[in-house]
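This report concerns only the one structure given below.
The values are calculated or read from the model by the stated rules, or taken from the named source; none is laboratory data. Treat the numbers as computed from the prediction; the structure is a model and nothing was measured. Note: ideal-geometry Cβ built from the backbone for every residue, glycine included; neighbour counts use all protein chains shown. The protein model used for the area step is the full one, side chains on, heavy atoms only, and it has no ligands, DNA or RNA in it. Shrake-Rupley method; radii C 1.70, N 1.55, O 1.52, S 1.80 Å.
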Amino acid sequence: METELALTHVPINQLRVGEIIAEDILVNTKYPVVAENTKLTYEHLHIFDVFNITQVPVLRSSDEEVASLPVAESNEQREVAAPKTEVVFKRVYLESVAQFKKEFQAWEAGAKVDITKLRGILLPIIEMALNDRTIILDLNEYSDPNKYLYHHCIATGLITGVIAQKLGYDRGVTIQLALGGALADSGMAKISPSIRDKKGALTEMEFNEIRKHPIYSYQMIKDIPVLKQAVKAAVFQHHERLDGSGYPTGEKVDKITMEAQIIAVADVFHAMICERAYRAKEPSFKVLEKIKEEEFGKFNLRVTDALLSVVSDLSIGSRVLLSNLEHGEVLYMNSNAPTRPLIKLSRTGEMLDLQNFRHIHIQHILR
């Protein structure tokens, strides 16, 4: 006789690997973080932890024949089998990029921005970034130069959200700003691909067309009621600079909203760390130094310091890879130069103060 299965809501610590998810699991999203009829794995358990899901609908038989399956309540077992946060994040991130690409292509064809659909695509990945801000450090590792624009939109949204959170914005405003960051370059859909994707130098006419994209972005979102006016204004101004050197209107200092200054830093930071058709990727630490030193006067210091505090969130004992390919361990953090700590080299035991060796920088934090 075939055993009949019934939908049962089961607490996380009583789940069994191999059970079947009975319903789509949503987290304030249109798209499920785990779909109906999925077979439960340790990776899913990790996702439930990330999103603070306490109960899950599964199919169970009345006589509990599934009891022979491994029980998921052993923390030791889960720590061994569950993937690291960055592995789960990468999978969700790449799926978000693929979905965003479809939306962008629809905008190119003349479709309006479907904010409900976009929230469904972005909210899961935004929540993951806000729950573990350090995962933005690997965004340049995931980017694909052939799909740069879609990666850039998603990543700018995530970095915007992380900066806003670090600056103390409440959760609702932070998520709104993250959405704004992701939509800041939506107007690129209205620019000819022959200009937008050009590998060589742009002509003055082509560059002037590129400079119109914040205007196009604003036009695409200005009638969306669920987006706050401050977010819409930030999208319009995200290429303005405090010294007046930006566009589209060349505003200065107090004429540029704080929200726009947050998206501006997120936008330029991701653009500089990623591989492009005409430029190699650069480490986050090196890029932040460039923004603070070479671009001084263009960006809000509170915003750059907030991002700096996330990127350089090192502790004594953190293991790092340096630009000279040496491995080392952080021995001392200088609060005035957080990107340049004192490092003990693993190979020789030599002490290296990065403040005295400006040609060397941290390439990557080793987890």
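General remarks:
- Filtering segment 84-128 to residues that are closer than 18 Å to Ala178 by Cβ and among the β-branched types (Val, Ile, Thr) leaves Val92, Val97, Val113, Ile115, Thr116, Ile121, Ile125, Ile126.
- The single condition from (1) part of a loop (DSSP other than H, G, I, E, B); (2) surrounded by 13 or more Cβ atoms within 10 Å (Cβ to Cβ) that Gly349 fails is (2).
- Sole residue being touching a strand residue (DSSP E or B) at 6+ places or on another chain (Cβ under 6 Å) and charged (D, E, K, R), chosen from Lys292, Lys344, Lys281: Lys344
- Condition broken by Glu259, with the remaining ones in (1) within 17 Å of Thr339 (Cβ to Cβ); (2) of a type in the set (Asp, Glu); (3) in a helix (DSSP H, G or I); (4) modelled with pLDDT of 90 or more satisfied: (1)
- Checking His152 against (1) open to solvent by 50 Å² or more (accessible area, probe 1.4 Å); (2) in contact (Cβ under 8 Å) with a residue 40 or more places away in the chain; (3) in contact with a His (Cβ under 8 Å, 6 or more places away or on another chain), the condition it does not meet: (1)
- Residues that are surrounded by fewer than 24 Cβ atoms within 10 Å (Cβ to Cβ) and more than 15 Å from Ala234 (Cβ to Cβ), drawn from segment 155-171: Gln165, Lys166, Gly168, Asp170, Arg171
- Scope segment 24-47; condition farther than 23 Å from Ile126 by Cβ and either modelled with pLDDT of 80 or more or among the small types (Gly, Ala, Ser) (or both); matching residues: Glu36, Asn37, Lys39, Leu40
- So Gly297, is it of a type in the set (Gly, Ala, Ser), in contact (Cβ under 8 Å) with a residue 40 or more places away in the chain and in a loop (DSSP other than H, G, I, E, B): yes
- Wholly within segment 121-233, helices (runs of 4 or more DSSP H) carrying at least 2 residues that are more than 20 Å from Leu288 (Cβ to Cβ): 148-166, 171-183, 193-196, 204-210, 213-221
- Selected residue (criterion: farthest from Lys147 (Cα to Cα)) from residues of segment 85-131 that are small (Gly, Ala, Ser) and crowded, with 21+ Cβ neighbours inside 10 Å: Ala129
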